[in-house]
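Visitor: If you scroll down you'll find the structure; I have some questions about it.
The values are calculated or read from the model by the stated rules, or taken from the named source; none is laboratory data. Here the structure is a predicted model, which means the values were calculated and not measured. Cβ coordinates were reconstructed from backbone atoms using ideal geometry, including for glycine residues, and neighbour counts include every protein chain displayed. Quick note on the areas: whole protein, heavy atoms, side chains included, nothing else; ligands and nucleic acids left out. Shrake-Rupley method; radii C 1.70, N 1.55, O 1.52, S 1.80 Å.
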Amino acid sequence: MPRRVPVLLVGSFRRGAPMSVFLLGLNHRTAGVALRERLHFSPQEGLRAAESLRRDGVVAEVVVLSTCNRSEVYAVAGEAAEQAEDGVERHLCTFHEVEAAQLNGCLYRRRGRDAVEHLYRVAAGLDSMLLGEAEILGQVRESYLAAQREGHTGPILNRLFQASLEVGKRVRAETRLGAQAMSVPSAAMKLAEQIFGELKDNSAAVFGTGAMGAKAARQLRARGIGRLWVANRTPERARELAAQTGAQWAAWEKSPELLAQVDIVVTSVAGDDWTLTREALAAAMHARGNRRMFLIDLGVPRNIDPAAADLYNVFLYGVDDLQDMVEQNRHAREGEVPRAEAIVREHVEKFTAWQSGSNAISTLAELRNELRLRRELFTDARREELERFSPEQRERILGMMDELIEHLLREPAERLMKDREVRERAVFLRELYGLGGANRPGPGGRGGK
Amino acid sequence: MVISFTELGYMTGGLYAASLGFYLRKLFAGSAWAGRVATALLAAGLTTHYFALLERSYALHAVPYEDLYGSMSLLAWFLAFTYLGLELLHRERAMGAFVLPLVLLLLGLELVVAPQAAPKAPARGSIFALHVTSNILAYSAFTLSFVYSAVYLVQDRLLRARRPGAMVWRLPALEDLERMARSAVWVGLGSLLAGIVFGIVVGQRLTGQISSLDPKVVTSFLILAFYTVYLWSARSAAWRGARASLLCIASYFAVVFSYTVVNLYLSKFHRFY
């Protein structure tokens, strides 16, 4: 009895080129905010785009990842990767009604190993604007789960995204890359927590409704501040921001009374004069019985008289102080990048090993089918010669030919199981033998007379 | 098999040291699981320490207060016990790294320097034992308030300097430190007051009079007064915050003075406790 070929080769595999992961996208490094906004997908839009890409046969599997800093399409090409990439780009332009020329230089493409590495770096927070931020991992998870629920993923993207979530978790658990990632407003809030502990029993006032003031108000609300007031020279804008953040608005003229009540004061007001003078703050501290007060001056130029820092139980921080903290924090986290990248590399190796194994097994299975097909074509072409033999002898000859095919495949299959490099090279057999439909011989082709 | 007092003491020292290791990991690496392990090890250490004290009590037929070293062991136990109670009350584990070294120091002195044979204490009844243990509990609580106030001053200075390094994020919030210090002082004042009342009862029983001029009694009333002023100042407009913490630290020197100089050299009736 001839030895049997390892069972992995006996399964059925999808015919065609090896399934290749690729991605197309843009992010905060390659595109300005206006273009990023135009190419942004809401969760529903992402699913609609994925549905359309699959329905039109552009890709076999697809996940759309869209955040405020990036819009990326991860896909598995059914056929030639380049055609699929072009197809995705065309769909992207059509979907968002953008001219292709507008994307020149902004859109990046990654294939195979590079695409895998890119996703892992994104999930780890290595590709984020705020290095190590944790939010992106949740966004990757949501995008993947939504695509999976709608049936847009298959074995390759399932494996790829599940591994990316593992990478993200490992980087956060095993390194301090994501520890205390800070922006200027979040640094201010963290300081507030180091003074007051939990903020639910404290109150805050935000003076000024510009971008920084609005961010600070949202951060205070997100951190569970007990009471929040918003004041602005234009009352309408104060009312608007108060409505957005669930705060109360206060008339600008009532600032002295407000100062006596609140524990945290954020200022972000345009103007050259002090919004809060030392005298006003001294009076407020007196009125509040010297209870601790945290002043956050986000104004440029400054809004709070720096001399107020000398007041007892007053903690005054300006933009420069907070920016220094953000920089220190970023520097400390940058030291963790090599460790995070090592985790990414480890998982990229794992994925490529898995995929090359999967592709090689698929290739060998197709090669086996190809050889059997050629044996049939060969024997059909020599039917007359074979009919000179008795039916038993013919059966024996055909059986021996099948055994020869098995024999020829046995050794490569064993090497394939043992050696990763062989697995990675096995895909070249496709070109050599014209597998997957290319260069298929006709009846009596290369094997015939 | 009976485990001796000394063996239990070393076992306790090992558990406290391991607990300190995990508290340090919690402080510097921010590891939540390390904090939980530290608390569990501290609880285990408290248990073995309790049995060590029990062994010594069986040998003495009294609470181990008659020599300075037994008294220090009792103080170490109460310090760890009160800390654990406040840790659970305030859900704040960062301070273990500051308290456990003191516990280990007291226990180490007792184990390494202490005479193995403790002097026999005359039996003075359960009220006397309550008098002593209440006072030692008060000392341990005041020790904790000292540690919390000292850390408060460090944190206050770091935050006011506007160049906070990594340490700021590892220490508890100012508000929490102040609250923990106040809790410890309340425990200390309550225990000291109870100790004084038990002392009056014991004095009446043993001598038929109240020795109100004994230096220990005088310093105890001074300590009561200092910490009462601290509690008032911690809520007053002029003192709340760093100034009140300084007052708490200053008051603690009276406690140390009472526990050492007064016990060793000044008091006729209060020796080593």
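Visitor: Order A:L26, B:L102 by their accessible area, 1.4 angstrom probe, all chains in place, largest first.
Guide: From most accessible down to least: B:L102, A:L26.
Visitor: Report, in deg cm²/dmol and to the nearest 500, the calculated mean residue ellipticity at 222 nm for chain B, where each DSSP H run with n ≥ 4 adds -39500 (n - 2.57) and the sum is divided by the residue count.
Guide: Computed ellipticity for chain B at 222 nm equals -26000 deg cm²/dmol.
Visitor: Round to the nearest 10 and report in Å² the accessible area of A:E334, as given by a 1.4 Å probe over the protein chains' heavy atoms.
Guide: 70
Visitor: Is there a simple number for the mean count of other chain Cβ atoms within 10 Å of the Cβ of residues in B:159-169, and what is it?
Guide: Values: counts 7, 6, 1, 11, 4, 9, 2, 4, 0, 4, 7.
Going residue by residue through B:159-169 and averaging, the value is 5.
Visitor: Another question about this same structure. Enter the accessible area of A:F196 (Å², nearest 10), with the probe set to 1.4 Å and all protein chains included.
Guide: A:F196 exposes around 10 Å² with every protein chain in place.
Visitor: May I pose another question? Just to verify a number: FRET efficiency for A:D310 and B:F28, C-beta to C-beta distance, R0 = 41 Å, to 0.05?
Guide: After rounding, the FRET efficiency stands at 0.80.
Visitor: If I take R0 = 30 Å and measure r between the Cβ atoms of A:S42 and A:A173 in this structure, what FRET efficiency does the formula 1/(1 + (r/R0)^6) give, to the nearest 0.05? Mind dumping the intermediate values first?
Guide: Working: r = 31 Å, r/R0 = 1.04.
With R0 = 30 Å, the Cβ-Cβ based efficiency is 0.45.
Visitor: Just to check I understand the Karplus step: with θ = phi - 60° and J = 6.51 cos²θ - 1.76 cosθ + 1.60, what whole-Hz values come out for region A:103-110, glycine and proline as x?
Guide: 8, 4, x, 9, 8, 10, 10, 10
Visitor: Put B:I127, A:I195 in order of accessible area, largest first, 1.4 Å probe: what do you get?
Guide: B:I127, A:I195
Visitor: Looking at the square roots a ≥ b ≥ c of the eigenvalues of the Cα gyration tensor of chain A, which shape do they give, rounded for a/c under 1.5, prolate if a/b is larger than b/c, or oblate?
Guide: Prolate, since a/c reaches 1.5 and a/b exceeds b/c.
Visitor: Then there's this: Working with all protein chains in place, sort B:F51, A:F294, A:F378 by solvent-accessible area computed with a 1.4 Å probe, largest first.
Guide: Largest accessible area first, the residues go B:F51, A:F378, A:F294.
Visitor: Taking springs between alpha-carbon atoms closer than 10 angstrom, which of A:R70, A:R372, A:R394 fluctuates most in the Gaussian network model of chain A?
Guide: For chain A, modelled as a Gaussian network with Cα springs under 10 Å, the answer is A:R394.
Visitor: Interface A/B, total buried accessible area with a 1.4 Å probe, nearest 100 Å²?
Guide: 2200
Visitor: I've got another one for you. In debye, nearest 20: dipole of chain B around its Cα centre with unit charges on the Cβ of K, R (+) and D, E (-)?
Guide: Numbers: 22 positive and 12 negative charges, 149 e Å.
The dipole magnitude comes to about 720 debye.
Visitor: Which parts of region A:392-414 would a label at A:L373 reach, counting a residue when its backbone N lies under 11 Å from a point 7 Å out along Cα-to-Cβ?
Guide: none
Visitor: Have a look at region B:217-263 and report residues whose accessible surface goes down by 20 Å² or more when the remaining protein chains are included, against the chain on its own, probe 1.4 Å, ligands and DNA/RNA excluded.
Guide: B:A237, B:R240, B:R243
Visitor: Quick one: accessible area per residue over the protein assembly as shown, 1.4 Å probe, rounded to a whole number of Å²? Display every interim value, and only then the final one.
Guide: Values: 34000 Å² over 722 residues.
Accessible area per residue, the protein assembly as shown: 47 Å².
Visitor: Rounded to the nearest 10 Å², what accessible area does A:H347 show when all protein chains are kept and the probe is 1.4 Å?
Guide: Here the accessible area works out near 10 Å².
Visitor: Among B:T47, B:T82, B:T143, which one shows the highest mean-square fluctuation when chain B is modelled as a Gaussian network with alpha-carbon springs under 10 Å?
Guide: Of B:T47, B:T82, B:T143, the most mobile in the Gaussian network model is B:T47.
Visitor: Next up: So how far apart, in nm, are the two label points at A:R396 and A:H286 if each is 7 Å from Cα heading toward Cβ?
Guide: Each label point lies 7 Å from its Cα, and together they span 12.0 nm.
Visitor: Filter A:K169/A:K215; A:K190/A:K350; A:K169/A:K190; A:K350/B:K26 down to the pairs with a C-alpha to C-alpha distance above 31 Å, please.
Guide: A:K190/A:K350; A:K350/B:K26
Visitor: Ok, one more. Counting only protein heavy atoms and using a 1.4 Å probe, what share of the accessible area of the protein assembly as shown belongs to carbon plus sulfur, as a whole percent?
Guide: Exposed carbon and sulfur together represent 57 percent of the surface.
Visitor: Return the Cα extents of chain B along principal axes one, two and three, sorted largest first, each rounded to a whole Å.
Guide: If we take the Cα atoms of chain B, the spans are 59, 52, 27 Å.
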